[in-house]
Amino acid sequence: MPTYLSPGVYVEELEAGSRPIAGVGTAVAAFIGLAERGPFNAPTLVTNWNQFTKTYGEFVEDAFLAHAVYGYFLNGGGACYVVRVGGNGEQPTAQGELPSAHDPAQPALRFTAREAGDAGNDISVEIVPPTDGNAESFNVVVKKGPEVVETHENVTTKKGKTNVVTVVQEKSKLVTAEEVATDAALAVPGTASVPLTGGSPPAVPEILAPDDYVGNSADRTGFAGLEAVDEITMLCVPDLMSAHRKGLIDAEGVKAVQLATIAHCELMGDRVAIIDPPPGMNAQQVKEWRVGYAGYDSKYATLYWPWIKVFDPVTGTNMFAPPSGYIAGVWGRNDDTRGVHKAPANEVIRGAIDIELNITKNEHDQLNPHGINCIRSFPGRGIRIWGARTLSSDPAWKYVNVRRLFNYLEESILEGTQWTVFEPNDPALWAKMRRTISSFLTNEWRKGALFGVTPDQSYFVKCDAETNPPEIVDLGQVVCEIGVAPVKPAEFVVFRLAQFSGGASVSE
């Protein structure tokens, strides 16, 4: 309390009521795969398709990353993170050289694009007269196509802070510079231009191992580098199957990467993996692969089958692609229109021309109990997701929407109650926590996320002297027990019809 020493009117601000908890985002995907260009092993935020093509290039033959991201945005997905792998393949970088004043046949300066591959082929460096009128200085103009992107003024070949190599290395985001000759005097009569050439990345690396996908969290490589990105809720590795089809990764390598993907989601506890099965399997084969070979059992993973047919701009024909990217987009669209509590099923997959295999109801009966979410084509209703299960054998976590709802509730409560840390651990704090969490859960109940006619039937929040005895308080802990009743999807709709005898009664 403040100390009042002189008469007067004083105003104090007091906290009243509960602090609101804002719901976190639920539809942020992460994609790991092969791209035409772009940074390696650097999780990059992408918010639309144009931004993806500007950073990572267009569609690449025998690679599915671009198709997955395109399908994600096409189906209503919002922001996503992209991680390009395969950096162990040779990546020729575009370069250009300026001749020496003493020997025109020898280069004096070499400019190299910062980004490997063919991204630097449209960059050019021009040497133009300086603006300060000094005969020994010059300006370096960096262009990307016809557009001037950077200008480094009044640099020289002499040592010092105005040295051209020093200035370009520190300030340029497109090129680097290095002295080739001992005397780097330039043979520049007035204006000179050098285009950067020679960049041509391979579409698919010649060597690719499971570790390229898994990566290392300390080095921020692979999807392990995504541990630093907290807002991700979905994880897809579409190009794992492109490497498998090219023979770069065998079946055991595929299983190793998918197990690591599931382990990553389980360790993070706030995201779900969308697993792609191998291509070309029929119903019996995918069941044997799921049950006998893969044997995944996790409430943080889902599996969708079969592959879908999409248009391939590279060849101008249709091709089969893994469905994970398109499924992630449907999840995002479902979250925006209905909410994370609604099962992302019975939804049309935009951009899907056909599916790899049309299955019968009897075949579907054999797959659904094992957590294989089938994609089916219905006459007059399009191609739809016809399953909403996880790969868990625990009945409590059988449905995708239940797992994702709990992820949403846990993350929202976690972020919305940070103010409680180091507060006095007394009944006043317990009451504030009860009010804050109850208000949040009441709003979720009103949205239809929780089961029950009244809020009391849908959740409870208990934080009192019973959950916080003296020995718990002495440890510096405050324990709050929360129970919620999530809504379950109507997976099996049963109508019971029966005959009954009816007739008119006769009366006098």
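Among the residues of region 120-163 satisfying the criterion of being open to solvent by less than 70 Å² (accessible area, probe 1.4 Å) and hydroxyl-bearing (Ser, Thr, Tyr), which is modelled with the highest pLDDT?
Here the residue is Ser124.
Which of (1) crowded, with 16+ Cβ neighbours inside 10 Å; (2) under 24 Å from Ala388 (Cβ atoms) is the odd one out, the single condition Glu266 does not satisfy?
Condition not satisfied by Glu266: (1).
Can you tell me which of Val478, Val461 is touching a helix residue (DSSP H, G or I) at 6+ places or on another chain (Cβ under 9 Å) and in a strand (DSSP E or B)?
Exactly one residue qualifies, and that residue is Val461.
Of the numbered conditions (1) free of Cβ contacts under 8 Å to residues at least 60 places away in the same chain; (2) surrounded by fewer than 16 Cβ atoms within 10 Å (Cβ to Cβ), Ser393 satisfies every one except a single condition; which is it?
Exception for Ser393: condition (1).
Scan region 27-46 for residues that are within 13 Å of the chain's Cα centre (by Cα) and either open to solvent by less than 40 Å² (accessible area, probe 1.4 Å) or closer than 25 Å to Phe320 by Cα (or both) and jot them down.
Listed by number, the residues that qualify are Ala27, Val28, Ala29, Ala30, Phe31, Ile32, Gly33, Ala42, Thr44, Val46.
Can you tell me which residue is nearest to Arg333 (Cα to Cα) among those in region 398-446 that are part of a helix (DSSP H, G or I) and among the basic types (Lys, Arg)?
Initial filter on region 398-446 (part of a helix (DSSP H, G or I)): 400-416, 418-420, 427-446.
Then keep just the ones that are among the basic types (Lys, Arg); that gives 403-404, 432, 434-435, 446.
On the way: Arg403: 17, Arg404: 14, Lys432: 35, Arg434: 33, Arg435: 32, Arg446: 21 Å.
Ranking the candidates gives Arg404 first.
Considering only residues that are part of a strand (DSSP E or B), within 17 Å of Ile375 (Cβ to Cβ) and either touching a Ser or Thr at 6+ places or on another chain (Cβ under 9 Å) or open to solvent by 10 Å² or more (accessible area, probe 1.4 Å) (or both), which ones fall in region 312-341?
Within region 312-341, Asn318, Met319, Phe320 meet the criteria.
So which of Val69, Val83, Val60, Val24 is buried (at least 20 other Cβ atoms within 10 Å of the Cβ) and assigned to a helix (DSSP H, G or I)? Show your work before the answer.
Working: Val83 fails: assigned to a helix (DSSP H, G or I); Val60 fails: assigned to a helix (DSSP H, G or I); Val24 fails: assigned to a helix (DSSP H, G or I).
Going through Val69, Val83, Val60, Val24 in turn, just one is buried (at least 20 other Cβ atoms within 10 Å of the Cβ) and assigned to a helix (DSSP H, G or I): Val69.
Looking only at region 417-434, decide whether some residue is surrounded by 16 or more Cβ atoms within 10 Å (Cβ to Cβ), modelled with pLDDT under 95 and under 26 Å from Val272 (Cα atoms).
yes
Are there any pairs with C-beta distances below 7 angstrom linking a residue in region 397-408 that is open to solvent by 10 Å² or more (accessible area, probe 1.4 Å) to a residue that is assigned to a helix (DSSP H, G or I), with the two at least 6 apart or on different chains, and if so which?
Trp397/Arg403
Only residues in region 280-308 that are more than 18 Å from Glu356 (Cα to Cα) count as the first member; pair them with residues that are in a loop (DSSP other than H, G, I, E, B) and of a type in the set (Lys, Arg), Cβ under 9 angstrom, at least 6 apart or cross-chain, and list the lot.
Close Cβ pairs satisfying both conditions: Lys299/Lys398; Tyr300/Arg271.
Give just the number: which of (1) assigned to a helix (DSSP H, G or I); (2) open to solvent by 20 Å² or more (accessible area, probe 1.4 Å) does Val286 not satisfy?
(2)
Which condition number in (1) modelled with pLDDT under 75; (2) of a type in the set (A, V, I, L, M); (3) over 16 Å from Ala177 (Cα atoms) is the one that Ala108 fails?
The number of the failed condition is (3).
In region 453-469, is there at least one residue being within 17 Å of Pro20 (Cα to Cα), hydrophobic (A, V, I, L, M, F, W, C) and surrounded by 14 or more Cβ atoms within 10 Å (Cβ to Cβ)?
Yes, because at least one residue in region 453-469 is within 17 Å of Pro20 (Cα to Cα), hydrophobic (A, V, I, L, M, F, W, C) and surrounded by 14 or more Cβ atoms within 10 Å (Cβ to Cβ).
The values are calculated or read from the model by the stated rules, or taken from the named source; none is laboratory data. Since the structure is predicted, the reported quantities are computational estimates derived from the model, not experimental observations. Every residue, glycine as well, gets a Cβ built from its backbone with ideal geometry; the counts of neighbours run over all protein chains shown. Quick note on the areas: whole protein, heavy atoms, side chains included, nothing else; ligands and nucleic acids left out. Shrake-Rupley method; radii C 1.70, N 1.55, O 1.52, S 1.80 Å.
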